[in-house]
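One structure is given here, and the rest of the page talks about it.
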There are 4 protein chains.
Amino acid sequence: MPIGTELPHASRRRFVIGVSLAVLAALGGARSAAPQPAAPAPPASVIDDLVAANRILANEGVVDGYGHVSVRHPGAANRFLMSRSMAPALVTAADIMEYDLDSTPVDPRGRTSFLERFIHGEIYKAQPGVMAVVHNHSPSVIPFGATMVPLRPMYHMSAFLGGGVPVFDIKTAAGSPTNMLIATPALGHALAQTLGTRPVALMRGHGAVVVAPTLPLAVFRSVYTEVNARLQAQALGLGGPVTYLDADEARMAEATISSTINRPWELWKAKALGR
Amino acid sequence: MPIGTELPHASRRRFVIGVSLAVLAALGGARSAAPQPAAPAPPASVIDDLVAANRILANEGVVDGYGHVSVRHPGAANRFLMSRSMAPALVTAADIMEYDLDSTPVDPRGRTSFLERFIHGEIYKAQPGVMAVVHNHSPSVIPFGATMVPLRPMYHMSAFLGGGVPVFDIKTAAGSPTNMLIATPALGHALAQTLGTRPVALMRGHGAVVVAPTLPLAVFRSVYTEVNARLQAQALGLGGPVTYLDADEARMAEATISSTINRPWELWKAKALGR
Amino acid sequence: MPIGTELPHASRRRFVIGVSLAVLAALGGARSAAPQPAAPAPPASVIDDLVAANRILANEGVVDGYGHVSVRHPGAANRFLMSRSMAPALVTAADIMEYDLDSTPVDPRGRTSFLERFIHGEIYKAQPGVMAVVHNHSPSVIPFGATMVPLRPMYHMSAFLGGGVPVFDIKTAAGSPTNMLIATPALGHALAQTLGTRPVALMRGHGAVVVAPTLPLAVFRSVYTEVNARLQAQALGLGGPVTYLDADEARMAEATISSTINRPWELWKAKALGR
Amino acid sequence: MPIGTELPHASRRRFVIGVSLAVLAALGGARSAAPQPAAPAPPASVIDDLVAANRILANEGVVDGYGHVSVRHPGAANRFLMSRSMAPALVTAADIMEYDLDSTPVDPRGRTSFLERFIHGEIYKAQPGVMAVVHNHSPSVIPFGATMVPLRPMYHMSAFLGGGVPVFDIKTAAGSPTNMLIATPALGHALAQTLGTRPVALMRGHGAVVVAPTLPLAVFRSVYTEVNARLQAQALGLGGPVTYLDADEARMAEATISSTINRPWELWKAKALGR
């Protein structure tokens, strides 16, 4: 809902907290009033995969100096893990931080957080089945968010787009022009509402958000949304009607392909981590 | 022919076997009822070239984490060689497996097979002169498979497209929506029928299949189909009529160029294998 | 103003000097009549950053064998630093030279200067707040300078384009055809007038000039002008109306994003300098 | 002139020799009847630059596994130097061969020659000022050779296109369909006539030929013809009128830029030769 309209009581409290956090965030590190206990340390493999995801998304051209990826803490559903604010290509294990679902860092130790961490926290709140979130400025996708052309699945690899790709317009959500950033819980909540239960939403004049029940699948979906956008633009450029996967094809292909994603995941890790 | 319609006796038996194999395949490894004797081990050079072909196709951007290439066994026309299900860029000699023409692995030793191995087996059955098969999601080609624009030879390097490039639509072949995969012998047979004696067929909403009487030529055709698609899209984008090779030019150029392919093959091997 | 028309006194003197300098420049090294005292040596970090900027612009595809970047001397507002005439990708600290704002090298020691150094000197004269200038043949940008389509901000990363991107036409400025180069102070002055207080101007049939109050921001703006041009061309190719950032969104986003540029700067340095 | 029409006496003799050479070429090595004395060995720097040119053209994407570049022998105007038939990226000094202007190798020692060497020999005959020739399948250029859209200079770097870029159609020259290759002196002569005194000609359904008075300039022109084609296609895609360099601008810019080409030449050598 647009910021500034009359809110019901519970939402108003969240709104006030959100604004306070935004103010504190502007000072370099967001902390809630009381210190928070950290969740049990996640397995090293979870941290390793999150570092790999950062490097893969950069190496595959989905993110550049900007963008971020998180995972819900496997041992604490009310926590998520994400790097401090830095370029994904440079992320290491020491850069991974823990957040609560208000997107407050638990133990920042002076490390700064992404202004748009609320994209992650609010989606984890809204969708209990989501275990990983990617926010990117995926280049081929951005033109679709700025035009009236809907992204649709060109082939079986992007069948997950079959349920539709909504476009979130932050000016509509906020009720007035903004700096285009999901820098408050209220805006993150609005984006989560637009996304609903779908895997991808575009953000007009900004980029996209991609979610999944596992981290490799979130990375897979980010890569193949970018590929699909490029192929769809080429198909539209050839002129004439374009045939997309129909709803049944998309549903059936998505089910089958999602069981094969370890194949590209292993390749992408090898390429991005230089092994 | 579409799955499910009334089939003549011999085809019905193949259909039943095909369905059984598909069920077994879903469990992780397809085996026929009786153990099969392996063909004599192929020369090491054949395995080396098949590994190189995998790496080349990945390095030249024709395949990504998905896609596969096979060769008919040089010493046993009823066998073919292909890697286990993995990304082509990572294939090594130890990953190469032997299959019969029903696409059943002869000695899998726990290695999983590609769901779409039937593309290879059925084409080897249908076309005795074909000695190598490539299945890819060649990016610039996919838009042509999704539109009404036929791929045609832009220049002498892709003259082999001169006989026409059919588009296989799996929904038509199956008679109903599918998961887009050639995951049964019947669908592989249908694709082989569409391909006929041509070197390339597109697969709507999926990618392409490319065949040749030698492995280097199959790789060459895969690369130059991708290049041709890119150039043709650019030519169409300039506006106005596009001049393609005429039928005689295509025939004459293909004959001449096919005798020169060792030149790019040596270059591609050097690039892909880091020598 | 076009070369050759009647000029007021002060401008006429600058015009004569400019022509003399152009003549001397053609002989391989431009010197003013009297030797100039060098400014105090700038900090090594300034030189290091200027070398890095050269390498980054080349590595990010904004410049090729041609193009140049300068910084105003931090200790002397009437001096600027730029490499000798060479490809940016090969620049080292020893190649950095000092210039006065007439674009005369202070201590060339036989090193040749860019023919178009007047782009830099004249902008530093006209805009006291500008501390860095980039001249490039940014590929995706050049088509916009040759057509009637205005570059506009596609997303928050290129919000700095929100104030408009003027196109400088050298034939109009000179009053007759030229060799397309800003090879005199008068032409540099004309370009500076077209640029005004904006961050970017296109140069018809040539490339672009990008300015900023810091060197990392000038590099950032160069990279994201190139990206924006590419995305805008793709959006226009999809057909239908394109939504750009509105004036408020651009202003607000630019303010926020400009405080984050150290994030890509660190990444770009790591990539370009191989660390 | 088309092959097969009545020819005057001198041309008929050349035609017969040409056909004989073509037949011999098909057997793997073309030799004239009598052994030819080799010209004095060229300076090592000439061979080094020719090797570098091969590697640069490949590294800059102008040639792939196919394409070739030659220089006229600096000490013998009736000889030229070119590699044996191999991918340019793999050329070394030992691969460079000497040819007479009938494109007959002087001392082949078993090394095979390019089928299209006649492009080089015939242009060296027709244009005494040409000292280097490049034949390529420059990708962005090929669509222009297949459509009615003339290549024109988008910016100062490709000003050398200002005199027009003719399109050679081999079917017209031969009078009937061919295999698209300039595989005889007569066809090479026809191509040289189409090229005239210009720096570039396109070859419909094939690629381009680029010439210059020096080898670095021939390489420069090859690279910037490719870049220009890419930029022009993008400009046309934006819609509306495109402004090219006018005839005076092209002439003036070409004169100035041609004196700067050592700058990219040094960069390209460093990149292609790994130094």
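The values are calculated or read from the model by the stated rules, or taken from the named source; none is laboratory data. The structure displayed is predicted, hence computed values, not measured ones. Counting neighbours? That spans all protein chains shown, and the Cβs are built from the backbone with ideal geometry, glycine included.
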Checklist line | Unique residue being closer than 16 Å to B:Met154 by Cβ and either β-branched (Val, Ile, Thr) or in contact with a Leu (Cβ under 7 Å, 6 or more places away or on another chain) (or both) when the list is D:Ala233, D:Ala183, D:Ala201 | finding: D:Ala233
Note to self: So, in region B:87-113, how many residues would count as being of a type in the set (A, V, I, L, M, F, W, C) and touching a Phe, Trp or Tyr at 6+ places or on another chain (Cβ under 9 Å)?
What the structure shows: 3
Item checked: Search result, residues across region C:22-70 that are at pLDDT 95 or above and at positive phi -> C:Gly61, C:Gly67
Next item on the list: Quick one: in region C:231-251, of everything that is facing chain A (nearest Cβ under 7 Å) and assigned to a helix (DSSP H, G or I), which residue is nearest to the chain's Cα centre (by Cα)?
Entry: C:Leu231
Checklist line | Among the residues listed as B:Ile123, B:Ile182, the single one being within 27 Å of B:Ile96 (Cβ to Cβ), within 13 Å of chain A (Cβ to nearest Cβ) and out of contact with any Pro (no Cβ under 7 Å at 6 or more places or on another chain) | finding: B:Ile182
Notebook entry, point to check: Which of the residues belonging to region C:141-157 are in contact with a His (Cβ under 8 Å, 6 or more places away or on another chain) and either more than 25 Å from A:Ala208 (Cβ to Cβ) or among the charged types (D, E, K, R) (or both)?
Noted result: C:Ile142, C:Gly145
Item checked: For A:Thr197: the one exception among (1) away from chain C (no Cβ under 11 Å); (2) at pLDDT below 95 -> (2)
Check: Residue check: is D:Thr172 farther than 26 Å from B:Leu236 by Cα and in contact (Cβ under 8 Å) with a residue 60 or more places away in the chain?
Finding: no
Next item on the list: For region C:38-61, enumerate the residues that are within 28 Å of D:Met157 (Cα to Cα) and either within 14 Å of chain D (Cβ to nearest Cβ) or surrounded by fewer than 18 Cβ atoms within 10 Å (Cβ to Cβ) (or both).
Entry: C:Asn54, C:Arg55, C:Leu57, C:Ala58, C:Asn59, C:Gly61
Next item on the list: Take region A:79-124 and flag every residue that is of a type in the set (D, E, K, R), buried (at least 22 other Cβ atoms within 10 Å of the Cβ) and in a loop (DSSP other than H, G, I, E, B).
Entry: A:Glu116, A:Arg117
Note to self: Regarding region B:98-118, can at least one residue be identified that is touching a Leu at 6+ places or on another chain (Cβ under 6 Å), more than 11 Å from every other protein chain (Cβ to nearest Cβ) and under 26 Å from A:Ile257 (Cβ atoms)?
What the structure shows: no
Check: Would you pick out the residues in region C:129-147 that are within 11 Å of another protein chain (Cβ to nearest Cβ) and either surrounded by 24 or more Cβ atoms within 10 Å (Cβ to Cβ) or outside any loop (DSSP other than H, G, I, E, B) (or both)?
Finding: C:Ser138, C:Pro139, C:Ser140, C:Val141, C:Ile142, C:Pro143, C:Phe144, C:Gly145, C:Ala146
Check: Residue check: is C:Lys171 assigned to a helix (DSSP H, G or I), out of contact with any strand residue (DSSP E or B) (no Cβ under 7 Å at 6 or more places or on another chain), within 11 Å of chain D (Cβ to nearest Cβ) and among the charged types (D, E, K, R)?
Finding: yes
Margin query: Restricting to region D:204-225, count the residues that are assigned to a loop (DSSP other than H, G, I, E, B) and within 14 Å of chain B (Cβ to nearest Cβ).
Written below: 3
Next item on the list: Go through region A:47-69 and give me each residue that's touching a helix residue (DSSP H, G or I) at 6+ places or on another chain (Cβ under 6 Å) and over 23 Å from A:Ala229 (Cα atoms).
Entry: A:Ile47, A:Asp49, A:Val51, A:Ala52
Check: Of the residues in region C:252-272, how many are closer than 25 Å to A:Thr172 by Cβ and outside any loop (DSSP other than H, G, I, E, B)?
Finding: 6
Item checked: Residues of region C:78-95 satisfying the condition of being under 20 Å from C:Met131 (Cβ atoms) and away from chain D (no Cβ under 14 Å) -> C:Asn78, C:Arg79, C:Phe80, C:Leu81, C:Met82, C:Ala93
Notebook entry, point to check: Any chance region D:253-273 includes a residue that's within 14 Å of chain C (Cβ to nearest Cβ) and in contact with a Lys or Arg (Cβ under 7 Å, 6 or more places away or on another chain)?
Noted result: yes
Notebook entry, point to check: If you take the residues in region A:152-169 that are within 17 Å of the chain's Cα centre (by Cα) and surrounded by fewer than 23 Cβ atoms within 10 Å (Cβ to Cβ), which one is farthest from A:His206 (Cα to Cα)?
Noted result: A:Gly164
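For region D:195-203, does any single residue satisfy the condition of being more than 30 Å from C:His137 (Cβ to Cβ) and assigned to a helix (DSSP H, G or I)?
no
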Check: If a residue has to be surrounded by fewer than 23 Cβ atoms within 10 Å (Cβ to Cβ), among the small types (Gly, Ala, Ser) and under 23 Å from A:Leu181 (Cα atoms) to count, how many in region C:236-275 make the cut?
Finding: 4
